[in-house]
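Engineer: Below you'll find the structure I mean.
The values are calculated or read from the model by the stated rules, or taken from the named source; none is laboratory data. Just so it is clear, the model here is predicted, and its values are computed rather than measured. Using ideal geometry, Cβ is built from the backbone for each residue, glycine included, and neighbour counts are taken over all protein chains shown.
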Ligand code: SAM
């Protein structure tokens, strides 16, 4: 009898401990895990910015840009078989020979545009839609052009599903911009051009900034920041060497 009672007590004790610990130990849900990975990625980006501060002429990025990147779920923008690599600070293939850019590059290009809420932004090269989502997370209005139809359609559906209502995507050759919505406060080109496209310069508002990789498709290119000072004057700054897939199209 004594033995039975003590087993029963032991059982109650173990059950009590399990119930108590289940109250204080909540296993991490997938969302929390992704958030932890994003936070880690932000720290890697901050370190890369420090390491390249001489090029960037700044040792930290606008907090708003990093906060936006800490919110956008990059794992939703990569192919299913690469989800476990979504938060590496690396470019990844997205099909059709194209890539989703390295998060550090997304961060610095976004930062250099000096975006304010409600700015009108034109992106050339929608790709996965990730860069557009980061721009949109800064409360801007985004128009994005993709030349490869299946990529553009997928990105459009993805951005809609994730609730980025302030992004419009269209299929076409971004070299010619989107004159119906010009002028833009910011233009970001996420494919390498061999020259700065004049139609894009024309669509840049006074005070507006354009960031674009320029150079040969066979080597590294130079990331260039262009600021329109007034109707006739542009200021151009070379930022740092980069490597992007080429801007294609018939221009
Ligand atoms: N911004 C993208 C993202 O966040 O996933 C990554 C862009 S990927 C490096 C470059 C993209 O530019 C590709 O999807 C490519 O098809 C597109 N592209 C190349 N030439 C283009 C053009 N003339 N007009 C529009 N898109 C173009």
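Engineer: Taking region 170-188 as the search range and keeping residues that are surrounded by 20 or more Cβ atoms within 10 Å (Cβ to Cβ) and more than 9 Å from the ligand (Cβ to nearest atom), which one is farthest from residue 148 (Cα to Cα)?
Structural biologist: 185
Engineer: Any residue at all in region 192-200 that's in contact with a strand residue (DSSP E or B) (Cβ under 6 Å, 6 or more places away or on another chain), more than 11 Å from the ligand (Cβ to nearest atom) and in a strand (DSSP E or B)?
Structural biologist: Looking through region 192-200, none of the residues is in contact with a strand residue (DSSP E or B) (Cβ under 6 Å, 6 or more places away or on another chain), more than 11 Å from the ligand (Cβ to nearest atom) and in a strand (DSSP E or B).
Engineer: Please go through region 135-159 and pick out each residue that is outside any helix (DSSP H, G or I) and either touching a strand residue (DSSP E or B) at 6+ places or on another chain (Cβ under 6 Å) or at negative phi (or both). Reasoning before the result, please.
Structural biologist: Narrowing region 135-159 to residues outside any helix (DSSP H, G or I): 137-148.
Listed by number, the residues that qualify are 137, 138, 140, 141, 142, 143, 144, 145, 146, 147, 148.
Engineer: Read through the list (1) touching a strand residue (DSSP E or B) at 6+ places or on another chain (Cβ under 8 Å); (2) part of a loop (DSSP other than H, G, I, E, B); (3) crowded, with 18+ Cβ neighbours inside 10 Å, then give the number of the only condition that residue 132 fails.
Structural biologist: Unmet condition: (2).
Engineer: If a residue must be under 16 Å from residue 174 (Cα atoms) and in contact with a helix residue (DSSP H, G or I) (Cβ under 7 Å, 6 or more places away or on another chain), how many such residues does region 233-251 contain?
Structural biologist: Counting residues in region 233-251 that are under 16 Å from residue 174 (Cα atoms) and in contact with a helix residue (DSSP H, G or I) (Cβ under 7 Å, 6 or more places away or on another chain) gives 3.
Engineer: Looking at (1) assigned to a loop (DSSP other than H, G, I, E, B); (2) more than 8 Å from the ligand (Cβ to nearest atom); (3) under 21 Å from residue 102 (Cβ atoms), find the lone condition where residue 165 falls short.
Structural biologist: (3)
Engineer: Could you give every pair whose Cβ atoms fall below 6 Å, whose first residue belongs to region 48-62 and is within 14 Å of residue 241 (Cβ to Cβ), and whose second residue is modelled with pLDDT of 95 or more and outside any helix (DSSP H, G or I), counting only separations of at least 6 or pairs across chains?
Structural biologist: 55/240
Engineer: Looking for something under 22 Å from residue 146 (Cα atoms) and either under 21 Å from the mean Cα position of the chain (by Cα) or within 16 Å of the ligand (Cβ to nearest atom) (or both) - is there at least one such residue anywhere in region 231-243?
Structural biologist: Within region 231-243, the subset under 22 Å from residue 146 (Cα atoms) is 242-243.
Subsequent filtering for residues that are either under 21 Å from the mean Cα position of the chain (by Cα) or within 16 Å of the ligand (Cβ to nearest atom) (or both) retains 242-243.
Yes - at least one qualifying residue is present in region 231-243.
Engineer: Let me ask something else. Taking residue 208 as the residue in question, decide whether it is within 16 Å of the ligand (Cβ to nearest atom) and under 17 Å from residue 124 (Cβ atoms).
Structural biologist: On the way: within 16 Å of the ligand (Cβ to nearest atom): no; under 17 Å from residue 124 (Cβ atoms): yes.
Against the criterion (within 16 Å of the ligand (Cβ to nearest atom) and under 17 Å from residue 124 (Cβ atoms)), residue 208 does not qualify.
Engineer: Just for helices (runs of 4 or more DSSP H) wholly inside region 13-129: which have at least 2 residues that are surrounded by 14 or more Cβ atoms within 10 Å (Cβ to Cβ) and either within 12 Å of the ligand (Cβ to nearest atom) or modelled with pLDDT under 95 (or both)? Talk me through it step by step, then tell me what you get.
Structural biologist: On the way: elements: 30-51, 53-56, 63-71, 103-112.
Output list reads 103-112.
Engineer: Something else now. So residue 147 ticks every box in (1) away from the ligand (no atom under 12 Å from the Cβ); (2) over 11 Å from the mean Cα position of the chain (by Cα) but one. Which box is left unticked?
Structural biologist: That leaves (1) as the condition not met.
Engineer: Do we find that residue 162 is surrounded by fewer than 18 Cβ atoms within 10 Å (Cβ to Cβ), out of contact with any strand residue (DSSP E or B) (no Cβ under 8 Å at 6 or more places or on another chain) and touching a residue at least 24 places away in the same chain (Cβ under 8 Å) in this structure? Steps first, please.
Structural biologist: Working: surrounded by fewer than 18 Cβ atoms within 10 Å (Cβ to Cβ): yes; out of contact with any strand residue (DSSP E or B) (no Cβ under 8 Å at 6 or more places or on another chain): yes; touching a residue at least 24 places away in the same chain (Cβ under 8 Å): yes.
For residue 162, the condition - surrounded by fewer than 18 Cβ atoms within 10 Å (Cβ to Cβ), out of contact with any strand residue (DSSP E or B) (no Cβ under 8 Å at 6 or more places or on another chain) and touching a residue at least 24 places away in the same chain (Cβ under 8 Å) - is met.
Engineer: Does region 90-113 include one or more residues that are under 14 Å from the mean Cα position of the chain (by Cα) and on the phi > 0 side of the Ramachandran plot?
Structural biologist: No, region 90-113 contains no residue that is under 14 Å from the mean Cα position of the chain (by Cα) and on the phi > 0 side of the Ramachandran plot.
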